[in-house]
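Each value in this text was obtained by applying a stated rule to the coordinates, not by laboratory testing. Given the structure is predicted, the values throughout are model-derived calculations rather than measurements. Here Cβ is always computed from backbone atoms with ideal geometry, including for glycine, and neighbour counts include all displayed protein chains.
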Amino acid sequence: MTSAASPHLTGGLDTLVIPGRVDADRAELTPRGELVHGCADILARTLAGLPATVVRVDLDMRGVHFMDTAGLQFLDVLAEHGRRRSLTMTATNWNGQPRRILELAGLNTTDPLAGPDATSPDSAGPVSEVSPAAPASSAVALERAECLHDLREEVEQLRQAIASRPVIDQARGILMATHGCTSDEAWHILRETSQLSNTKLRDVAAAVTASAEADGPPPSAELRTALKRAVARRRRR
């Protein structure tokens with residue numbers, strides 16, 4: 001690589017940066033961060049800033065660690081730019097949660113721009129609108145809608161898990177200090193308390209954390225009972 005492409009472009013909270021380099025007629029872009037709201041605009045500005053001599057654009061996606069449904073718009077922008085400019089476009093090296101989102105959407109997890117995955121023959125491509133030349137059957141359209149519904153649910157669950165992580169870690173630390181247990185044991189205590197009291201894990205963790213603060217409210221009677229039972233079970237093992 002000999003020359004830098006356009007400068008890093010970032011979202012409102014630096015959720016995505018797209019550094020890259022241009023070598024002759026090939027551009028290599030390495031997005032880093034999250035494919036969330038605004039990512040398609042960031043990509044569009046990056047692509048618009050590439051030299052007119054570029055005939056191939058390769059994206060290495062290994063630096064993207066989170067993706068929601070906005071990532072599908074990101075792929076639409078890539079595909080449309082390639083068609084409009086008659087360029088070769090690739091987006092490879094998907095890992096972790098973004099790769100799972102591609103699976104849920106029925107896209108090729110090696111390169112969603114290359115067409116449907118061999119394991120999903122009925123899946124649609126990355127563009128949200130189906131070409132008139134290849135209309136989808138009602139069954140395929142229904143399957144696509146169900147996949148997108150599952151995708152949205154999983155993304156929401158992931159967001160909740162990410163938001164809950166700090167308070168759960170704090171609660172584990174409190175239990176470790178209070179009961180002299182290991183991190184794994186504290187985790188099992190939280191889970192058992194959640195199950196015994198039929199309370200969401202993050203709510204159990206929040207109650208434990210709040211009770212450890214100065215003048216913090218104690219957990220409810222039901223939670224205290226469940227917590228004592230969970231601790232007792234751990235000690236007997």
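The stretch between residue 233 and residue 26 holds 68.4 nm of extra length on full extension. This uses 0.36 nm per residue minus the Cα-Cα distance. If R0 is 45 Å, the Cβ-Cβ spacing of residue 184 and residue 114 corresponds to a FRET efficiency of close to 0.60. In whole angstrom, how long is each semi-axis of the equivalent ellipsoid of the range 178-237, when you take the square root of 5 times every eigenvalue of its Cα gyration tensor and sort them from largest down? Semi-axes (√(5λ), whole Å): 18, 13, 10. If only the Cβ of Lys and Arg carry +1 and only the Cβ of Asp and Glu carry -1, the dipole of the range 163-208 around its Cα centre is close to 160 debye. Using θ = phi - 60° in the Karplus curve 6.51 cos²θ - 1.76 cosθ + 1.60, the 3J(HN,Hα) couplings for the range 167-184 round to 5, 5, 5, 5, 5, 4, x, 5, 5, 4, 6, 6, 10, x, 9, 7, 4, 5 Hz; x is entered for Gly and Pro. In this structure the amide hydrogen of residue 16, modeled in the peptide plane, comes within under 5 Å of the amide hydrogens of 11, 34, none closer than 5 places in sequence on its chain.
Packing, taken as the mean count of other beta carbons within 10 Å per residue, orders the peptides 74-83, 217-226 from highest to lowest as 74-83, 217-226.
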